[in-house]
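Data first, discussion second: the structure below is written as structure tokens.
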Amino acid sequence: MTVEIWSDVMCPFCYIGKRKFENALAQFPHKDDVEVIWKSFQLQPDMKTDATKNTTQHLAEVKGWTLEHAKGMTDHVTQLAKQVGLTYNMDKAVVANSFDAHRFLHFAKVHGVQNEAKEALLKAYFTEGLNTADHAVLVQLGTKIGLNADELKHVLASNQFADAVHHDIYEAHQVGVRGVPFFVLGGKYAVSGAQETALFLQALTQTWSETSEKEAVIDGETCDIDGNC
């Protein structure tokens, strides 16, 4: 069973949702048969990377809020993250366009370490205060999860995987994504937002049950390519 998850590196609820989903998956009896696929989404595709500003300052500017109000909002989400064991340092989070980070994720997918790459990116952004648009940072993160540094440098210096990122975003609009994180289970059920672990577990169980029933019917009433029925 596949679980496709649309999310953005700069989305604080995406990291929280990831952790809640993972907690549900850890309790799911068939977890070894679940394939998680991370899909690209950009909340602010036109954002200009600015390493001199943190996320709180950027939020105040784009929303027209006072810095105090913006800090109140980031403090709130920091507390929500803490509840699932995450440390957010929003005063260190660098304003960074996420397009190349998404290309990095597609490269990691080809090499079978996409989930590790996603975790590394989110931690880099929200906890470590690293510039996730900086190619040197992405190469550093990649080598830590076993990716070839030279190959990754070549990919980032090119336009490789740009089409894959655009296609994910196109798919998001097709399936009705209005915000992230957005989870599609088994190609049939959708869960929007950083829901509670219990709800994710319920969704996994229901999707698995209905998929298994469907497969049982197919297995019992189909003929193979040799005509054996």
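The values are calculated or read from the model by the stated rules, or taken from the named source; none is laboratory data. Because the structure is predicted, anything quoted here is derived from the model rather than measured. Every residue, glycine among them, receives a Cβ derived from its backbone with ideal geometry; neighbour counts consider all protein chains shown. Keep in mind that these areas ignore ligands, DNA and RNA; they rest on the heavy atoms of the full protein, side chains included. Shrake-Rupley method; radii C 1.70, N 1.55, O 1.52, S 1.80 Å.
Observations
- Any hit, the range 98-113, residues being in contact with a strand residue (DSSP E or B) (Cβ under 8 Å, 6 or more places away or on another chain) and more than 19 Å from Phe13 (Cα to Cα): yes
- All positions within the range 141-178 that are open to solvent by 60 Å² or more (accessible area, probe 1.4 Å), of a type in the set (D, E, K, R) and not in a loop (DSSP other than H, G, I, E, B): Lys144, Asp150, Glu151, Lys153, Asp163
- Listed conditions (1) open to solvent by 80 Å² or more (accessible area, probe 1.4 Å); (2) in contact with a Pro (Cβ under 7 Å, 6 or more places away or on another chain) are all met by Asp91, apart from (2).
- Scanning the range 1-55 for residues that are within 11 Å of the chain's Cα centre (by Cα), open to solvent by 30 Å² or more (accessible area, probe 1.4 Å) and of a type in the set (Lys, Arg) yields a single hit, Arg19.
- Sub-6 Å Cβ pairs linking a first residue in the range 127-156 that is under 13 Å from Ala96 (Cβ atoms) and modelled with pLDDT of 95 or more to a second residue that is open to solvent by 20 Å² or more (accessible area, probe 1.4 Å) and part of a loop (DSSP other than H, G, I, E, B), at least 6 apart or interchain, are Gly129/Asn89; Gly129/Lys92; Ala133/Thr49; Ala133/Asn97; Val137/Leu130; Val137/Asn131, ordered by first then second residue.
- Residue among Leu105, Leu130, Leu122 that alone is under 21 Å from Asp50 (Cα atoms) and either within 16 Å of the chain's Cα centre (by Cα) or among the small types (Gly, Ala, Ser) (or both): Leu122
- One residue alone among Ala117, Ala190, Ala172 is within 14 Å of Trp6 (Cα to Cα), within 16 Å of the chain's Cα centre (by Cα) and in contact (Cβ under 8 Å) with a residue 24 or more places away in the chain, and that residue is Ala172.
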